[in-house]
1. Among the listed residues Ala104, Ala112, Ala91, which satisfies the condition of being touching a residue at least 40 places away in the same chain (Cβ under 8 Å) and closer than 14 Å to Gly38 by Cα?
2. Please work out if Thr128 is in contact with a Gly (Cβ under 8 Å, 6 or more places away or on another chain), modelled with pLDDT of 95 or more, buried (at least 22 other Cβ atoms within 10 Å of the Cβ) and among the hydroxyl-bearing types (Ser, Thr, Tyr).
3. Got at least one residue in the range 172-193 being free of Cβ contacts under 8 Å to residues at least 24 places away in the same chain, within 21 Å of the chain's Cα centre (by Cα) and surrounded by 15 or more Cβ atoms within 10 Å (Cβ to Cβ)?
4. So which of Gly38, Gly34, Gly89 is within 16 Å of the ligand (Cβ to nearest atom), more than 16 Å from the chain's Cα centre (by Cα), outside the structural domain of Arg152 (by TED's automatic domain parsing) and buried (at least 17 other Cβ atoms within 10 Å of the Cβ)?
5. Which of (1) within 18 Å of the chain's Cα centre (by Cα); (2) assigned to a helix (DSSP H, G or I); (3) at pLDDT 95 or above is the odd one out, the single condition Ile83 does not satisfy?
6. Do any residues in the range 153-168 that are hydroxyl-bearing (Ser, Thr, Tyr) have Cβ atoms under 9 Å from those of residues that are assigned to a loop (DSSP other than H, G, I, E, B), where the two are at least six apart or on different chains, and which pairs are they?
7. Just checking, how many residues over the range 92-115 are surrounded by 17 or more Cβ atoms within 10 Å (Cβ to Cβ) and under 15 Å from Asp44 (Cβ atoms)?
8. Please state which one of Asp64, Asp76, Asp57, Asp49 is surrounded by fewer than 18 Cβ atoms within 10 Å (Cβ to Cβ) and in a loop (DSSP other than H, G, I, E, B).
Amino acid sequence: MAQHSLIFICMLISLAAMMQGTQAVEYVVTDNTGNSGGGVRYRDEISDDYSLQTMSDATEFIWDIFEQDNAADRKDVPKVTLIIENGVGVAFTRRNLNEIHVNANYLGNYTAGDVTDEFTGVLYHEMTHVWQWFGNDQAPSGLIEGIADFVRLRAEYIPSHWVQPGQGNRWDQGYDVTARFLDYCDGLRDGFVAELNKLMRTGYSADFFVQLLGKTVDQLWSDYKAKYGN
Ligand SMILES: *[C@@H]1O[C@H](CO)[C@@H](O)[C@H](O)[C@H]1NC(C)=O
């Protein structure tokens, strides 16, 4: 009897945990590349199945990095669409639509490393734009891009063209430069980027750095440069 109720309680607990942790997100891939070289390479070396799996894996990884254990902590995004197209540049995300666009011509011409690794890194970056907070559009764009590349850095899809730690001219230069700086800040306080993202849910202030690390962002940047001898 006692044993039965214990089993029942355990079942209830795991059911509650499942419901809390589960947020149904639908992933869709649309391949608009036709017969382009990039489209052929995408289908041969990457594939829609891989894209769908990577979108789901990236989501779990991002929720973990952002320390968003419950659905209430996360953005309410029911569906993410990935469009593979013959475009320009590398990739971009239409935030209001939760729609990621990847340029197949870029993939078709990619020779700087493994194309699947590069595609995966790009998806982790773009998926971060789907899930991150934007500080009510007050945050510097360099910080937004830096957080997306910080996630890519932590996922260990680091492309060969990235700067090394300590390089760059400004903390909010964006992308790899800001990602490396955020990694330094996260080393000063474990979970710093998660805390910063949480604060950015409703707005942005440079004072967030002071609140979390006790120093201005400019002081942190000069400490960071000094650490690497710059
Ligand atoms: C390389 O890029 C060019 C220009 O975007 C494009 O026309 C060409 O199809 C690409 N090559 C491959 C193999 O995708």
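The values are calculated or read from the model by the stated rules, or taken from the named source; none is laboratory data. Given the structure is predicted, the values throughout are model-derived calculations rather than measurements. All Cβ positions, glycine included, derive from the backbone under ideal geometry; neighbour counts span all protein chains shown.
1. Ala104
2. The answer is no for Thr128.
3. Yes.
4. Residue meeting the stated conditions: Gly38.
5. (2)
6. That search, which allows pairs on different chains as well, returns Ser160/Ala112; Ser160/Gly113.
7. Residues in the range 92-115 being surrounded by 17 or more Cβ atoms within 10 Å (Cβ to Cβ) and under 15 Å from Asp44 (Cβ atoms): 5 in total.
8. It is Asp76.
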